[in-house]
Amino acid sequence: MQIFASPSRRAAVGPVPYGAGVLRPYRELLATPGGLRFSSAAFVARMPIAMIGLGVVLLVVAETGRYGRAGALSATFAFVNAGAAPAIARLVDRLGQRRVLLRAVPLHLVALVAFVVVASRDAPTWALVVTIVVAALAAPSIGSLVRARWGYVLGDDPRLGTAYALESVLDELIFVLGPLIVTLLATLVAPQLGLLTAGVLLATGTGLLVSHRVSEPPPSPHAGDHPSALRSEGQPPLMAGMVFVGGVFGAVEISAVAFADEAGHRGLAGPLLACYAGGSMLSGIVFGSLRGMLPPRRSLLLGAAVMTATVVALPFVSNTWLLAALLVLAGVGIAPTLISAFSLSERVVPAAALTEGLTWMTTALVIGFSAATWVSGRLVDSAGVPWAFAVATGSGAVALLLCWATYRRLPAT
C-alpha cells in the first residue's frame, strides 16, 4: 500500500483537508503492528489517574462535608504514589512489566476497595490513611509503561516523538472522560461508585496490556546497576518545573469542584474539569502533528507561558458558563508543556533508565498536584474558592520562572 501519494497524484486529488493532515501522523503511527492494541489497553488501564483523586474527594465530602479532610486524603494518595512509582519502575526495568503488574495491581485493588468500605462507615482517620497509603504504594505508572513499549517497538524510528505526543493527547482525553465519569457516578448514583469503577477499569486495562507480550520490553536483570535517572543532567530542573505544573492542575481541579458545589450544582464539577482537559486535548492534537517546528525547550517555555497567562482570570469568575469557557482556554497550554517536557526527559536520561526517567517526570507532576490539592482544599474551607484558584496562578508563575531559568541547561535540539 502506498502511504504517501506522488506529487502528480496529490495535484490530481487536490489539497489534503487540514484535519486529515493533522491526524495523518497518528494514523500512520497506530498502523504499527500491535500499536493500537497495547496503546488502547494502556488507555483503559490509566483511566484511574483522573478518577481516584477526585473520587476520594467526592466520597469523603459526601460522607463528612469537609473539603480539607478530603483534600488531605487525596494528597496523601498522590504523595505516597509519587514516592513509590519510581521504585516500581526500577523493578519493571529489572523484572519486566508483566511480573510486576500481576503482583502490584491486585494489592492496589484490594486496598482501594477497603478504603471505600471504611470511608462509607465513618471509620477513624487512621483506617482511611492506612488503606489509601497501601493503595498508593501499589499503584503503577501505566503512562510510563506504555511510553516504554513505544520506545521498544519503534527504537530509533523518528515516529517515537509522535508516539509520545499521542500518549500525551490520550492523557488529556483521560482527564476529559475520567472526571466526568467519576462525578456522574458519585453524585447521581452512589458516592462509592466512582472509585469502584476506577478499580474495574484498571483491572481490565492491565489484563489486556500484559496479555500483549510482543510489545513488552525485555527485562534487564542488571537494570538496577546503572545510576538513577535523577543523576542525568537536565532531569532535576525538568522535574522541578513539573512540580509546579502539577500544582496548576491540582489547584484547578479541587477549586472547580468547590465552585460547582458552592453554586449548588455539584454534578457540574465533572463537565467543568472536562472543559479544562478538553482544551488541552485539542491543543495536543495540533501540537503533536506539528512538533519539530520548535525545539522542545522553546516549546516548553512557550507552553508554560500560555498555561500561566490563561489561569490568571480564574479567581475573579463568578459565572459557571464563563468559568467553563475560561477553563477550555486555560487548557491550551497544558499539552505542549507536557509533550515537550517528556520529550526532553527522553533525551537527557540513559536508554537503560527510560522507564524510571519518565516515571520521575510523572512523580514530579503528582507531587505538585497533591500539594496544591491540599493547599487549595484548606483555602476553600477557610478563605473561599477565589483564593483556591489563586494557587493555580501562583504555581503557574513559578513553573514559568523555572523553565526560563533552566532553559540553557536543556538540549537545544
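The values are calculated or read from the model by the stated rules, or taken from the named source; none is laboratory data. Predicted model, so just to flag it, every value in this text is computed and none were measured. Every residue, glycine among them, receives a Cβ derived from its backbone with ideal geometry; neighbour counts consider all protein chains shown.
Quick rundown of the values:
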quantity	calculated
From Ala148, Ala139, residue being in contact with a helix residue (DSSP H, G or I) (Cβ under 9 Å, 6 or more places away or on another chain), buried (at least 20 other Cβ atoms within 10 Å of the Cβ) and assigned to a loop (DSSP other than H, G, I, E, B)	Ala139
Tally, over region 168-188, of residues that are buried (at least 23 other Cβ atoms within 10 Å of the Cβ), at pLDDT 80 or above and not hydrophobic (A, V, I, L, M, F, W, C)	3
Residue within region 111-131 that is surrounded by fewer than 19 Cβ atoms within 10 Å (Cβ to Cβ), among the basic types (Lys, Arg) and either within 16 Å of Pro218 (Cα to Cα) or in contact (Cβ under 8 Å) with a residue 40 or more places away in the chain (or both) present	no
Pair list, Cβ < 6 Å and 6+ apart or interchain, from region 314-336 residues that are within 27 Å of Leu166 (Cβ to Cβ) and without any contact (Cβ under 8 Å) to a residue 12 or more places away in the chain to residues that are surrounded by 14 or more Cβ atoms within 10 Å (Cβ to Cβ) and of a type outside the set (Asp, Glu)	none
Scan of region 290-312 for residues that are surrounded by fewer than 19 Cβ atoms within 10 Å (Cβ to Cβ) and farther than 21 Å from Gly394 by Cα, ordered by number	Leu290, Gly292, Met293, Leu294, Pro295, Arg298
Conditions (1) free of Cβ contacts under 8 Å to residues at least 40 places away in the same chain; (2) within 20 Å of the chain's Cα centre (by Cα): number failed by Ala31	(2)
Region 77-97: number of residues that are in contact with a Pro (Cβ under 8 Å, 6 or more places away or on another chain) and among the small types (Gly, Ala, Ser)	2
Val92 vs. criteria aliphatic (A, V, I, L, M), surrounded by 19 or more Cβ atoms within 10 Å (Cβ to Cβ) and over 23 Å from the mean Cα position of the chain (by Cα)	no
Filter result (buried (at least 24 other Cβ atoms within 10 Å of the Cβ) and of a type in the set (D, E, K, R)) within region 340-365	Glu356
Residues within region 156-197 that are more than 12 Å from the chain's Cα centre (by Cα) and over 27 Å from Leu58 (Cα atoms), tallied	11
Helices (runs of 4 or more DSSP H) wholly inside region 300-413 containing at least 3 residues that are more than 27 Å from Ser232 (Cβ to Cβ), charged (D, E, K, R) and modelled with pLDDT under 85	none
Test: residue in region 50-60 that is assigned to a helix (DSSP H, G or I), out of contact with any Cys (no Cβ under 7 Å at 6 or more places or on another chain) and not aliphatic (A, V, I, L, M)	yes
Condition broken by Gly264, with the remaining ones in (1) of a type outside the set (A, V, I, L, M, F, W, C); (2) over 21 Å from Val176 (Cα atoms); (3) assigned to a helix (DSSP H, G or I) satisfied	(3)
Of all residues in region 214-247 being assigned to a helix (DSSP H, G or I) and charged (D, E, K, R), the one that is modelled with the highest pLDDT	Arg231
Some residue of region 366-383 being surrounded by fewer than 24 Cβ atoms within 10 Å (Cβ to Cβ), of a type in the set (A, V, I, L, M, F, W, C) and free of Cβ contacts under 8 Å to residues at least 40 places away in the same chain	yes
Test for Arg98: is it in contact (Cβ under 8 Å) with a residue 24 or more places away in the chain, within 21 Å of Ala203 (Cα to Cα), assigned to a helix (DSSP H, G or I) and among the basic types (Lys, Arg)	yes
Residue that is surrounded by the most Cβ atoms within 10 Å (Cβ to Cβ), among those in region 316-339 that are farther than 19 Å from Ala263 by Cα and of a type in the set (Gly, Ala, Ser)	Gly331
Where a residue in region 180-203 is under 16 Å from Arg266 (Cα atoms) and its partner, wherever it lies, is β-branched (Val, Ile, Thr) and part of a helix (DSSP H, G or I), with Cβ under 6 Å and at least six apart	Leu185/Thr197; Gln192/Val116; Gly194/Val182
Hey, Arg66 touching a residue at least 24 places away in the same chain (Cβ under 8 Å) and in contact with a helix residue (DSSP H, G or I) (Cβ under 6 Å, 6 or more places away or on another chain) or not	no
